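Colleague: There's a structure below that I have some questions on.
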Amino acid sequence: MKRTVFTSIAAVILTFLVFLALGISIVIQSRTLIDWWQPAIGAAIAALCMVKPVRKLLRPVTMNIYGFLKYPAAFIASFSFILCGFYTLNYHFSDNSTRLKYEAPVIRKFSQERLRNKRVGRRVYRSEKYKVYFIEIELPDGKTKKIEKSLGEYMKIKKGRKISIYEEKGLWGIKVIKDIGK
C-alpha cells in the first residue's frame, strides 16, 4: 500500500482519539467541582508549549495537510489529551480517606429538549425531539451543580428534598463527586 493510505488511516484514528478524549473530559467534568474554564486554560497553555514537539511527532500523520494547518492540528491534539489526562487522573486517583457525605437540597428541577437525527432510509434522515431531565442542587459552599437524572428518578424527586452527595478530594486537590444518593 502507498504511504498516503497509511497516513489517511492514521489521521482518522487520531481524529477519533481526539474526539474520544474531549468526550471523556466533558463527562468527568460534570462530576468535578471546578469551573470548566480553569482546567481548559491550563491545558491550553500547556498545549501551546508543546505545539512544536507534537507537530514533529505528528509529521507522518499530517503529511497531507498544508503547513499552516499543522500547528492548529498539533494544538488541538495536545489540548484534548492534556485535558482528558487532567480530569481522568484527578477523578480516578481521588483519596478515599477524604470522603465526605453531606445532604444537598434540590433547588430546582428542569428538562431540556434536544434533537437527534435518525436515519429512516437511504439518504433520508428525520429529526426527532427528546427530553433530558436535570436537577440542580446547592453544595455546602454555596455553588450549584446541575445533575442529569433518568425520567424515573426525576419524577420521584421533589423540589427542596435533600440528596446524599459523596465527595472526595482528587489527585490534584480538586473535589469530585463520587456518588449521588437517591
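The values are calculated or read from the model by the stated rules, or taken from the named source; none is laboratory data. Note that this is a predicted model, so its numbers are computed, not measured. Every residue, glycine as well, gets a Cβ built from its backbone with ideal geometry; the counts of neighbours run over all protein chains shown.
Colleague: What's the number of the only condition in (1) at pLDDT below 95; (2) surrounded by fewer than 19 Cβ atoms within 10 Å (Cβ to Cβ) that Ala104 fails to meet?
Modeller: Evaluating Ala104 over (1) at pLDDT below 95; (2) surrounded by fewer than 19 Cβ atoms within 10 Å (Cβ to Cβ) leaves (2) as the failure.
Colleague: When the range 109-140 is examined, which residues are found to be part of a loop (DSSP other than H, G, I, E, B) and over 23 Å from the mean Cα position of the chain (by Cα)?
Modeller: If the condition is that a residue be part of a loop (DSSP other than H, G, I, E, B) and over 23 Å from the mean Cα position of the chain (by Cα), then Arg122, Arg123, Pro140 are the ones that fit.
Colleague: Given the criteria modelled with pLDDT under 95 and of a type outside the set (Asp, Glu), does Asn90 qualify? I'd like the intermediate steps shown before the answer.
Modeller: Details: modelled with pLDDT under 95: no; of a type outside the set (Asp, Glu): yes.
Here the answer is no, as Asn90 does not meet what is asked.
Colleague: Step by step: first the residues of the range 132-169, then only those that are β-branched (Val, Ile, Thr) and touching a Gly at 6+ places or on another chain (Cβ under 9 Å), then the one that is surrounded by the fewest Cβ atoms within 10 Å (Cβ to Cβ). Which residue is that?
Modeller: Just the residues of the range 132-169 that are β-branched (Val, Ile, Thr), to begin with: 132, 135, 137, 144, 147, 157, 163, 165.
Now narrow it down to the ones that are touching a Gly at 6+ places or on another chain (Cβ under 9 Å): 163, 165.
On the way: Ile163: 18, Ile165: 21.
Once the filter is applied, the top-ranked residue is Ile163.
Colleague: Follow-up. Scanning for something touching a residue at least 40 places away in the same chain (Cβ under 8 Å), farther than 15 Å from Thr88 by Cβ and either surrounded by 12 or more Cβ atoms within 10 Å (Cβ to Cβ) or not assigned by TED's automatic domain parsing to the domain that holds Ile147 (or both), does the range 20-27 turn up at least one residue?
Modeller: No - not one qualifying residue is present in the range 20-27.
Colleague: While we're looking at this one, here's another question. Look at the range 126-155 and say how many of its residues are without any contact (Cβ under 8 Å) to a residue 12 or more places away in the chain and either in contact with a strand residue (DSSP E or B) (Cβ under 9 Å, 6 or more places away or on another chain) or within 19 Å of Tyr102 (Cβ to Cβ) (or both).
Modeller: As a first pass, look at the range 126-155 and keep what is without any contact (Cβ under 8 Å) to a residue 12 or more places away in the chain: 126, 141-142, 152, 155.
Cutting the leftovers down to either in contact with a strand residue (DSSP E or B) (Cβ under 9 Å, 6 or more places away or on another chain) or within 19 Å of Tyr102 (Cβ to Cβ) (or both) gives us 126, 141-142, 155.
Qualifying residue count, the range 126-155: 4.
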